[in-house]
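Data first, discussion second: the structure below is written as structure tokens.
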Amino acid sequence: MSEFFLELFSEEIPARMQSDAAKHIRDFMTDALIKNKLGFDEVFSFVASRRLGICIKGLPEAQADLVEERKGPSVTAAQQALDGFLRSVSMTKDQLQIRKTPKGDFYFASISRKGRSTADVLQETVEALLHSFPWPKSMRWAGHKEYWVRPLHAIVCLFDGNVIPVEFAGVKSGKTTYGHRFLAAQAVEVDCFADYQEKMRKAFVLIDPQERKKIICERARELAQEAGYRLLEDEALLEEVAGLAEYPVPLIGKIDDEFMSVPQEVLITSMRTNQKYFCMTDEDGKMAPRFIVVANMKTADNGAQIVAGNERVLRARLSDARFFWDEDRKTSLLSKAAKLHSRVFHAKLGSVADKIERIRKLLPELLKYIPQADSADADRAALLCKADLSTGMVGEFPELQGIMGRYYARFDGEKDSVAQAIAEHYSPLGPKDACPSAPVSVAVALADKIDTLVGFWLIDQKPTGSKDPFALRRAALGVVRLILENKINMPIFQILNVARSVYGDTTQAAIAEAMTESERKSENEEPIVLVNWSVHQMVSLLAFIAERLKVAMKDRGVRHDYITAVYGLAQGTNINAVDLCRVIARVKALVQFLSTEDGKDLLTAYRRAANIVRIEENKDHCSYNQTPDKNLFDSEQEERLFDALDHVMLNSSKKIASDDFQGAMEFLASLREPVDAFFEKVQVNCNDASRRVNRLCILSMIVRTMGSVADFSVIEG
């Protein structure tokens, strides 16, 4: 068995592209080998700042010979059909076989094809890989028509130690590559992957990203511990830095004490974003005046000059940050809010100041369901929540929006609840982000996200496929998490309609334009009234939020069909009363019910009853949803089941009305025995036509009774 090795040596590959590139080269090569019926044992793909490669071991020398069988015409077919088949397989009639099939005797041709050499398949595959590589951004250079992420300098392409001839952008494959740019820049000849690994290590190149990450992480922790601090772990930064250095050497530097009065979020963001430095904290979590820089080489002075140079650059960076910090505090946060009139939120939805006014108008409705939140504090927080967008600090570091607003609000003497809400109203930013729990923060965060969702739905700018330029999925998931994690019982559809009504005259033209465009796309001949359009969009938005609810609960191990079974029923009963917390409480009761033997058996019985009714209704072209006639009962099982269904229907609805979903499920469980007895003893499709109809009505009653608690028809498995 043989080994294939490919290395593509280029200028520096951006760190953010490296992981996907290593995955793509692995997937592309292995998929091609499988498609060509070439087996293999091991695959290892790797990437560093200047190289991308793969090694595949255990490949055969060639494909196995293939025998392809092709079915021809019937032996009774016209001669013309047989001649055409013979031409297509390049054979004579004597070489064909006649076989019996269920449709008669047919001609068959067995075509032997000699397997291609693995080297030929690899050559073809590598060339296809090079010409189709999906770099997020690529370039051309030196008059070449081919594209690559950065100029390509060398291609090592070996199979069983021999060069596979490949050419791309003027570069021909061979055995030559290069080591570290500064420590071992000379050419290196390699014969196989093991030889390559050994020589690259001697040339100060570590090709495995995981090894580089381990070296950085372990040495950075050691340096922090030696200085008496703890490393501030940052997986994303570790991934990026490991992609920047082929031979990582962590070094420790010092931050001047004069900068430590600047908020630590500013220091961390500046060092992380601009300099790719790791930070440290003391035992109390306070930022330490030290940093870790990862050099891409070792030096005779153990990095002293590298550290000094980075300290000098950092001093200039932090001087800028301190300047913004000092300048921003010269005027109040309230004065900065006035500048939001000139900052566009969206061309069709007005300025950020317009958005603030909408949030403030929506808050009184939200606060009905968040009674712990002080209305004055919530209004003040809403007024100031976007004001830091006008500061120099957030202009320099946009990721600090909200955080800087909290600092400036506290500096201005605002209440802690107001300052906290300013910082937290953007949260949660994702499924793993912390969710606000302070009442004022929750209220402002909900108002902000709901206003965003309603606005973009009104102008028909919904997410499509994988495209979501306004992060509306994230906003909807944030709404779901804020409601569920803070146990806020509120009619979400009513809130959406209040938010819709808050949009004033400035957006009516944009909404009307979106409505007209939608009509044109759907070729609807009847014009839609503007109010109906808006309500229709809110129904669509509610469905979108329901999908985000399923995503949120899936992460907690709750099946999507259970949510559909409850949510669809709640929405169909009274859309204005849809309450996400009650929906989830009902889902939890349903999950518990279906985990019992009673629940499992009743689900089976429901399906059996529903299938029989559906089949018979289709056959008879009528409906069997009438109340069964007790006078037609001729068995104890029919009477008991009817009484049990009537009892459950009455009492389960009362339990649901009082939010006792567990109690409703317990009543449902009481149906198991009479339902089982009915199916065991009673023949539904009997010879007596009137009793048959009556029994079908009983089955329909089973479906309706269970369906009043949950829509069991959508439950899978």
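The residue list K254, K339, K286, K330 contains one member that is within 30 Å of L458 (Cβ to Cβ), basic (K, R) and open to solvent by 60 Å² or more (accessible area, probe 1.4 Å), which is K339.
Yes or no, residue by residue, for (1) closer than 24 Å to M393 by Cα; (2) surrounded by 18 or more Cβ atoms within 10 Å (Cβ to Cβ):
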position: I216; (1), (2): no, yes
position: E222; (1), (2): no, no
position: A236; (1), (2): yes, no
position: T281; (1), (2): yes, no
position: K298; (1), (2): no, no
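Among the residues making up region 660-716, those that are farther than 13 Å from L641 by Cα, surrounded by fewer than 17 Cβ atoms within 10 Å (Cβ to Cβ) and more than 38 Å from the chain's Cα centre (by Cα) are Q683, N685, C686, N687, D688, A689, S690. Scanning region 267-279 for residues that are open to solvent by 30 Å² or more (accessible area, probe 1.4 Å) and farther than 19 Å from R221 by Cβ yields a total of 3.
Scanning for something in a helix (DSSP H, G or I) and among the basic types (K, R), does region 343-350 turn up at least one residue? For region 343-350, residues in a helix (DSSP H, G or I) and among the basic types (K, R): absent. Here the strands (runs of 3 or more DSSP E) wholly within region 1-111 that include at least 1 residues being without any contact (Cβ under 8 Å) to a residue 24 or more places away in the chain and β-branched (V, I, T) are 42-48, 97-101.
Residues of region 238-249 that are open to solvent by 60 Å² or more (accessible area, probe 1.4 Å) and of a type outside the set (D, E, K, R): L244 alone.
Looking only at residues in region 497-506 that are out of contact with any Leu (no Cβ under 6 Å at 6 or more places or on another chain) and part of a helix (DSSP H, G or I), the one that is surrounded by the most Cβ atoms within 10 Å (Cβ to Cβ) is R500.
Against the test of being closer than 30 Å to A447 by Cβ and of a type in the set (G, A, S), the options A300, A353 yield a single qualifying residue, A353.
Counting only residues that are out of contact with any Lys or Arg (no Cβ under 8 Å at 6 or more places or on another chain), in a loop (DSSP other than H, G, I, E, B) and open to solvent by 40 Å² or more (accessible area, probe 1.4 Å), region 607-647 holds 6 of them.
Considering the conditions (1) in a helix (DSSP H, G or I); (2) at pLDDT 95 or above, I292 is excluded by exactly one of them, (1).
Within region 517-560, the set of residues being in contact with an Asp or Glu (Cβ under 8 Å, 6 or more places away or on another chain), assigned to a helix (DSSP H, G or I) and either open to solvent by 40 Å² or more (accessible area, probe 1.4 Å) or at pLDDT below 85 (or both) comprises E517, S518.
For region 16-48, filtered to residues that are of a type in the set (V, I, T) and in contact with a helix residue (DSSP H, G or I) (Cβ under 8 Å, 6 or more places away or on another chain), the residue that is most open to solvent (accessible area, probe 1.4 Å) is V43. Taking region 143-160 as the range and being closer than 17 Å to G58 by Cβ and either touching a Lys or Arg at 6+ places or on another chain (Cβ under 8 Å) or without any contact (Cβ under 8 Å) to a residue 60 or more places away in the chain (or both) as the test, only L158 passes.
Screening G430 with (1) within 24 Å of L366 (Cα to Cα); (2) part of a loop (DSSP other than H, G, I, E, B); (3) open to solvent by 30 Å² or more (accessible area, probe 1.4 Å) gives one miss only, at (3). In region 302-324 there is no residue that is in contact (Cβ under 8 Å) with a residue 12 or more places away in the chain, outside any helix (DSSP H, G or I) and farther than 30 Å from L183 by Cα. Restricted to region 201-214, and to residues there that are closer than 18 Å to L8 by Cα and either of a type in the set (D, E) or free of Cβ contacts under 8 Å to residues at least 24 places away in the same chain (or both), the residue that is least open to solvent (accessible area, probe 1.4 Å) is D208.
For region 132-160, residues that are within 25 Å of T118 (Cα to Cα) and surrounded by 12 or more Cβ atoms within 10 Å (Cβ to Cβ) total 8. Filtering region 475-496 to residues that are in a helix (DSSP H, G or I), open to solvent by 10 Å² or more (accessible area, probe 1.4 Å) and more than 19 Å from L458 (Cβ to Cβ) leaves L477, R481, L484, E485.
With the structure loaded, tell me whether S351 is in contact with a Phe, Trp or Tyr (Cβ under 8 Å, 6 or more places away or on another chain), open to solvent by less than 60 Å² (accessible area, probe 1.4 Å), modelled with pLDDT under 95 and not aliphatic (A, V, I, L, M) or whether it fails that test. Against the criterion (in contact with a Phe, Trp or Tyr (Cβ under 8 Å, 6 or more places away or on another chain), open to solvent by less than 60 Å² (accessible area, probe 1.4 Å), modelled with pLDDT under 95 and not aliphatic (A, V, I, L, M)), S351 qualifies. Here M404 fulfils each of the conditions (1) part of a helix (DSSP H, G or I); (2) open to solvent by less than 60 Å² (accessible area, probe 1.4 Å); (3) modelled with pLDDT under 95 apart from (3).
With respect to being among the small types (G, A, S) and either surrounded by fewer than 16 Cβ atoms within 10 Å (Cβ to Cβ) or under 13 Å from L6 (Cα atoms) (or both), G179 falls outside the description. Summed over region 249-308, residues that are under 20 Å from P14 (Cα atoms) and of a type in the set (D, E) total 0. Scanning region 407-427 for residues that are closer than 20 Å to T452 by Cβ, assigned to a helix (DSSP H, G or I) and either basic (K, R) or in contact (Cβ under 8 Å) with a residue 24 or more places away in the chain (or both) yields a total of 2.
Could you list all residues from region 359-388 that are touching a Gly at 6+ places or on another chain (Cβ under 8 Å) and either among the aliphatic types (A, V, I, L, M) or not in a loop (DSSP other than H, G, I, E, B) (or both)? Listed by number, the residues that qualify are L384, A387, D388.
Give region 374-390 a look and list any residue that's open to solvent by 10 Å² or more (accessible area, probe 1.4 Å) and not polar (S, T, N, Q), or say none. Correct list: D374, A376, D377, D379, R380, L383, K386, L389. In this structure, N576 does not satisfy being in a helix (DSSP H, G or I), open to solvent by 30 Å² or more (accessible area, probe 1.4 Å) and more than 30 Å from Q494 (Cβ to Cβ). Taking region 644-679 as the range and being within 23 Å of L603 (Cβ to Cβ), among the charged types (D, E, K, R) and in contact (Cβ under 8 Å) with a residue 24 or more places away in the chain as the test, the residues that pass are R672, D676. Output the residues belonging to region 592-602 that are assigned to a helix (DSSP H, G or I), under 32 Å from the mean Cα position of the chain (by Cα) and surrounded by fewer than 17 Cβ atoms within 10 Å (Cβ to Cβ). Within region 592-602, Q592 is the sole residue that qualifies.
The values are calculated or read from the model by the stated rules, or taken from the named source; none is laboratory data. This structure is a prediction, so every number in the text was calculated from the model and none was measured. Note that each Cβ is placed from the backbone with ideal geometry, even for glycine, and that neighbours are counted across all protein chains shown. Ligands, DNA and RNA are stripped out before the accessible areas are found, and what is left, the full protein with its side chains, is counted by its heavy atoms. Shrake-Rupley method; radii C 1.70, N 1.55, O 1.52, S 1.80 Å.
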